[in-house]
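Comments concern the structure below.
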Amino acid sequence: MAGNAHMLNRNEGTLCGLTKILEGTFTPNGQTSQSGNMEKPKNSRGHTDTEDASETDLAKHDEDDYVEIKEQMYQEKLASLKRQLQQLQEGTLQEYQKRMKKLDQQYKERLRNADLFLQLETEQVERNYIKEKKAAVKEFEDKKIELKENLIAELEEKKKMIENEKLTMELTGDSMEVKPTMTRKLRRRPNDPVPLPDKRRKPAPAQLNYMLTDEQIMEDLRMLNKLKSPKPPASPSSPELLPTTPTESPAHRFEARIEDGKLYYDKRWYHKSQPIYLESKESTKISCVISSVGTNEIWVRKTSDSTKMRIYLGQLQRGVFVIRRRFISGTVVGNCAASRV
């Protein structure tokens with residue numbers, strides 16, 4: 001700033017000198033002209049020779065001073081720029097320091113904002129992590145409880161099926177075999193009386209069976225149906241009044257037989273564990289699964305309450321019970337046994 005002030009002072013001095021030269025009050029030697037007060041000799045035309053010579057010298061001197069001043073101003077500006085460049089390289093330039101201070105403040109502000117943003121994002125990530133961890137633990141506990149409940153229900157179902165099969169075996173008498181008791185026979189002494197033949201009692205059954213057979217139940221149902229009042233005859237034009245299940249008649253009989261543990265009924269083969277529909281004469285339709293196939297009968301298990309029923313071949317042949325295949329989503333659930341033979 002001191003250099004700039006010095007340069008401005010010199011420029012002002014130069015401009016003042018130029019002004020005085022143009023006004024004619026300043027001579028090249030630095031003295032004031034007295035031409036206005038002194039009388040000059042005149043030539044034949046009315047002008048003095050000294051006045052013409054002084055005007056020519058003055059114009060030439062003014063032009064030289066102007067060029068010198070321009071050169072001096074150029075050199076001063078160049079020196080000032082070089083001085084500023086040197087200060088810039090040394091880092092002491094005032095404008096440079098001012099702008100560097102502003103940039104440093106902006107840099108520190110951005111660093112502080114970045115630290116705050118990092119802290120905020122870290123806290124957000126930690127909160128999300130804790131939340132996801134709690135959700136995962138809760139889902140794991142819920143899945144574990146659900147799995148345990150499903151396994152318990154499955155085991156209870158299997159237990160119930162085993163108990164039903166055991167009860168069925170006890171009812172059919174397959175597992176009840178009465179073994180004769182072994183007794184020791186002693187030799188009779190000579191003086192002992194002749195023993196009377198003992199009357200052996202028939203062994204009492206381990207469990208009394210008060211249930212009627214399926215054939216007896218069906219006979220009773222047929223008797224009850226015959227005692228009912230006859231229904232009015234349905235017109236042939238109303239197909240909805242026709243019976244859905246075949247009636248028992250001597251002319252309409254179904255072909256039913258058992259071969260190699262499989263049931264052949266109505267031109268189809270049925271095997272164990274095959275889902276079926278069981279239709280009775282009373283137009284009841286039950287969803288069942290074939291539990292076992294015997295020599296003269298089959299056992300079916302209801303899917304609703306897992307109870308078992310025994311169906312004889314005679315009942316299937318007479319149409320007392322009708323077996324239909326069970327379909328799920330347009331496909332047959334059980335494969336036909338004949339297709340595998």
When residues of the range 298-314 are limited to those that are modelled with pLDDT of 85 or more and closer than 15 Å to GLU219 by Cα, the one nearest to the chain's Cα centre (by Cα): ILE311
Consider SER80 against the criteria (1) of a type in the set (S, T, N, Q); (2) touching a residue at least 12 places away in the same chain (Cβ under 8 Å); (3) outside any helix (DSSP H, G or I): it satisfies all of them except one. Which criterion is unmet? (3)
Checked against (1) outside any helix (DSSP H, G or I); (2) of a type in the set (Ser, Thr, Tyr); (3) more than 30 Å from SER80 (Cα to Cα), TYR129 satisfies every condition except (1)
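Being in a loop (DSSP other than H, G, I, E, B) and either in contact (Cβ under 8 Å) with a residue 24 or more places away in the chain or farther than 17 Å from ASN164 by Cα (or both) is the filter here; which residues of the range 304-314 pass it?
Result: SER306, THR307.
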Identity of the residue in the range 315-329, in a loop (DSSP other than H, G, I, E, B) and closer than 16 Å to PRO275 by Cα, that ends up modelled with the lowest pLDDT: SER329
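The values are calculated or read from the model by the stated rules, or taken from the named source; none is laboratory data. All values derive from a computational prediction rather than experimental measurement. Positions of Cβ are backbone-derived with ideal geometry, glycine not excepted, and every protein chain shown enters the neighbour counts.
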